[in-house]
Amino acid sequence: MTDDLDRKIIHGLHCAPRVSFRRLSEVVGVSEQTVARRYNALRRGGLVRVVGLSSPAAHGQTEWIARLRCRPDAVGPLADSLARRPEVAYASLASGGSEIICIIRSPAGTARDDVLLRQLPRAASVLDMSVDLIMHAFGVPGPTGWTGGEGSLTADQARELIAERPVPVGPPLPPTDEDLPLLEALAEDGRVSHTRLAEVTGWSKPRVARRLEALETSGSLTYDVDTLPERLGYELNAALWLQVDPPRLHTIGEELSRHDECAFAAATSGKHNIMAIVICKDTADFYRYLSTRLAHVEGVKGYEISVRVRRLKQAASLIHHGRLIHPALV
């Protein structure tokens, strides 16, 4: 069972994924040993994974949100095959198990039809599909992430940690072949030590530190904190597909991104110009969100809802028997 200290640690990792246990212990007010022990238990239990990711922009890629409506009796194998593809992230089943929602990374400038033909497997089980470009992610740049609000750090504590992480200034620095061992190690564990990174790359620790700083400050290397909200007591996850007034697109997107319930919000192409991922405790909590917080956002003309029934993949983690694991382990 998780408690408020676990939630504070998770929130701290969202704010600064590679923060030292010592620094995090100072912020949350417990010993360094306690923070390390709690984090290691969360990671071993498959509830949290910190992962280092190579930015799509550094590879000349863009991201697309795909919705596939499928035959319920055949959706499982297709969804599992998509989740295992390296270019697919955040895959889930929704709408009673008849819809697959996922994010696909594709070379920039790729035509829509090419994305469908090259990236999505042909299957008789697919009844309908749509693919829209993710044009802009709202919110403060960096992995602040979803924490649910309960038991989280105070605003001042979060700002302390956020201020200590590198601020990307761009443009993205394309990784080299020499960076591959570094990036592979970070994809397995985003908090891996400089000592271990020096071992896998054959570099000195100062060189590792310099290269990490260069990749992070250029925006080429980002971090994500994969979590399982269900194991934190948040059982209802849904994708909202919103139609908003174009002049208020950015204002509404930024407002949504500040909601505790919102894990992700982005401007998209297509008839729905904002997609948001909302995480709530249960149906009553979700209804409260829709009828109060969302209802008070001016400029929302309408929305559709896709309620998740099974999470398949986070940023870089598969969900296997209720645990977050590295894709290579399945």
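The values are calculated or read from the model by the stated rules, or taken from the named source; none is laboratory data. Since the model is a prediction, treat every value here as computed from it, not as a measurement. With ligands, DNA and RNA removed, areas are computed over all heavy atoms of the protein, side chains included. Shrake-Rupley method; radii C 1.70, N 1.55, O 1.52, S 1.80 Å.
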Once amide H atoms are built 1.01 Å from N in the peptide plane, which residues 5 or more positions from Gly219, or in another chain, come under 5 Å H to H? Val169, Gly170
Where the convex hull is taken over the Cα atoms of the range 215-300, what is its projected area averaged over directions, in nm²? 6.9 nm²
Of all accessible surface on the chain at a 1.4 Å probe, what whole percent is carbon and sulfur? 53 percent
Sequence-distant residues sharing a close amide H with Arg310 (under 5 Å, placed H): Leu93
Mind checking the per residue accessible area of the range 276-315 for me, 1.4 Å probe, whole number of Å²? 50 Å²
Could you name the aspartates and glutamates in cross-link range of Lys281, using Cα to Cα under 15 Å and dropping any fewer than eight places away on the same chain? Glu150, Glu230, Glu235, Asp260, Glu261
When the chain is modelled as a GNM with alpha-carbon springs shorter than 10 Å, which of Pro172, Pro247, Pro72 fluctuates the most? Pro247
For the chain, set up a Gaussian network in which alpha carbons nearer than 10 Å are linked by springs, and say which option among Glu261, Glu235, Glu199 fluctuates the most. Glu199
Mean residue ellipticity (222 nm) of the chain, computed from DSSP H runs ≥ 4 via -39,500 (n - 2.57), nearest 500: -9000 deg cm²/dmol
Amide H of Met135: which non-local residues (sequence gap of 5 or more, or other chain) have their own amide H closer than 5 Å, using H built in the peptide plane? Ala267, Thr268, Ser269
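What ranking of Arg258, Arg308 comes out by heavy-atom accessible area, probe 1.4 Å, highest first?
Of Arg258, Arg308, the descending order of accessible area is Arg258, Arg308.
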Please work out whether the range 44-83 counts as rounded, prolate or oblate from its C-alpha gyration tensor, where a ≥ b ≥ c are the square roots of the eigenvalues and a/c under 1.5 means rounded, while otherwise a/b larger than b/c means prolate and anything else oblate? oblate
Of Val208, Val200, Val27, the one that fluctuates the most in a GNM where the chain has Cα springs shorter than 10 Å: Val200
Euclidean distance between Cα centres, the range 5-42 to the range 248-267, Å: 27 Å
